[in-house]
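Okay, so here's the structure we're looking at.
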Amino acid sequence: MSLINFDSLREDVAKQIRKINRWQITSALKYLFLHPNFKVRPLKLMNQIYAENKYFFDKGTMSLEDDPYFSLKPHQRLYLTKLYRAAFDGMMQKLYKRSFILKLTQFNQVNAHGVTAEWQIPRKAIGKQVILYFHGGGYNIGSVKTYRGYTSLLAHKTRRKILSVDYRLAPEHQYPAALEDCLAAFRWLQKEGYSTENIIFAGDSAGGGLVLSSLLKLKQEEETMPNCGILFSPFTDWTFSGKSWFTNMPTDPIVCDLPLYRFGENYLNIEKVDLKNPLISPLFGDYEGLPPLLFLVSSTEMCYDDGKRVANRARATGVEIHWEEWQDMVHVFPAFGYKTDWPELKELYTKIQDFLAKQFG
């Protein structure tokens, strides 16, 4: 049973969530029909995931180093992941299906040092600046195509070209594949003639984590960093040590029903990695010397502490931090709030525009 508490959501937010949840269910059922697997028993698996999440919520802690609530074989985890991919992809495509922004955007797929990426160029792009975008999805789901509607909108709101990166996903590709792909795209941009001072890193959720991990890796390698970073609800801690992971579970309808423990199993070789490695969990990084960072979060989302704690750590080392938070919003609300009248959306894009104006004059 879902952990979403609709009574705790603002009425207009609950209405939007119910709509996109219907689209996710429809897309999931379509996948089950087209790709039946009676050995996996996906509906039973889904109920087990709900029970597992409730177990962690009641316990108030979750550790990938502990024994799982129930055991899954690799082929079961892969099928489950593909099911969640289908549900998420179908929902996002339905949400942005009739977006006029798509008709005003030029799309060009490129090979960025072996990494598939896509240029998304708005009609009124300004200057030589480019946003290098890393999508979210818990390192397991999502794609450039899935996010195309949202990132195109971001390109138009900022009047900047976006290069959206189709980094490799787990479980097919474990850490550090995603990080390597993001860095490869950054280096490709430089080879194409883009100055680092004109490159902006941006990402949501896991993509926000990749922004931070990429910056920390560039620092480690003593490479030149981009001008700045924009983080939408960044996921930064695979130890799940923040209290908001549990206190905000009923008010985060985007994340609360995801198989987070399973996504971690997929992405990380738990027995061989240090979960506090900053390139895995950037919360634990040394931020001294990093470029200015803009955080855009909701105080009622599960990732809230992930962003807040990174911002505090980075600010303590002298990094220029811009922190913007809203109440009653969902995780990565600009992506899921399309076609709503949420006043927070206008405020968010104004904050981004102001931040970029400050960085570029």
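Tabulated data
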| item | result |
| --- | --- |
| Extreme residue, farthest from residue 191 (Cα to Cα), among residues of the stretch 111-158 that are basic (Lys, Arg) and surrounded by fewer than 22 Cβ atoms within 10 Å (Cβ to Cβ) | 157 |
| Qualifying residue in the stretch 186-199 (condition: under 13 Å from the mean Cα position of the chain (by Cα) and more than 22 Å from residue 320 (Cβ to Cβ)) | no |
| Scan of the stretch 260-284 for residues that are part of a loop (DSSP other than H, G, I, E, B) and modelled with pLDDT of 95 or more, ordered by number | 268, 274, 275, 276, 277, 278, 279, 280, 281 |
| Selection from the stretch 22-41 of residues that are buried (at least 17 other Cβ atoms within 10 Å of the Cβ) and either under 24 Å from the mean Cα position of the chain (by Cα) or among the hydroxyl-bearing types (Ser, Thr, Tyr) (or both) | 23, 24, 27, 28, 31 |
| Hits in the stretch 231-254 - residues which are hydrophobic (A, V, I, L, M, F, W, C) and within 16 Å of residue 331 (Cβ to Cβ) | 231, 232, 235, 240, 245, 246, 249, 254 |
| Output for the stretch 314-341, where each listed residue is touching a helix residue (DSSP H, G or I) at 6+ places or on another chain (Cβ under 7 Å) and among the β-branched types (Val, Ile, Thr) | 321, 330, 340 |
| Complete set of residues in the stretch 71-102 that are touching a residue at least 60 places away in the same chain (Cβ under 8 Å), farther than 12 Å from residue 147 by Cα, touching a helix residue (DSSP H, G or I) at 6+ places or on another chain (Cβ under 7 Å) and in a helix (DSSP H, G or I) | 77, 80, 81, 87 |
| All positions within the stretch 202-219 that are farther than 10 Å from residue 232 by Cα and either of a type in the set (Gly, Ala, Ser) or assigned to a strand (DSSP E or B) (or both) | 213, 214 |
| Residues being crowded, with 19+ Cβ neighbours inside 10 Å and part of a helix (DSSP H, G or I) - total across the stretch 321-343 | 4 |
| The lone exception for residue 318 - which of (1) over 20 Å from the mean Cα position of the chain (by Cα); (2) at positive phi; (3) buried (at least 19 other Cβ atoms within 10 Å of the Cβ) it fails | (3) |
| Residue among 293, 283, 268, 275 that is farther than 30 Å from residue 22 by Cβ, touching a His at 6+ places or on another chain (Cβ under 8 Å) and in contact (Cβ under 8 Å) with a residue 40 or more places away in the chain | 293 |
| Among (1) among the hydrophobic types (A, V, I, L, M, F, W, C); (2) surrounded by fewer than 20 Cβ atoms within 10 Å (Cβ to Cβ); (3) under 23 Å from residue 91 (Cα atoms) - the single one residue 263 does not satisfy | (2) |
| Residues being hydrophobic (A, V, I, L, M, F, W, C), assigned to a loop (DSSP other than H, G, I, E, B) and under 15 Å from residue 259 (Cβ atoms) - total across the stretch 23-70 | 4 |
| Filter pass, residue 108 being surrounded by fewer than 17 Cβ atoms within 10 Å (Cβ to Cβ), at pLDDT 95 or above and among the polar types (S, T, N, Q) | yes |
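The values are calculated or read from the model by the stated rules, or taken from the named source; none is laboratory data. Computed from a predicted structure; not experimentally measured. Neighbour counts are summed over all protein chains in view; Cβ atoms, including those assigned to glycine, are modelled from backbone coordinates with ideal geometry.
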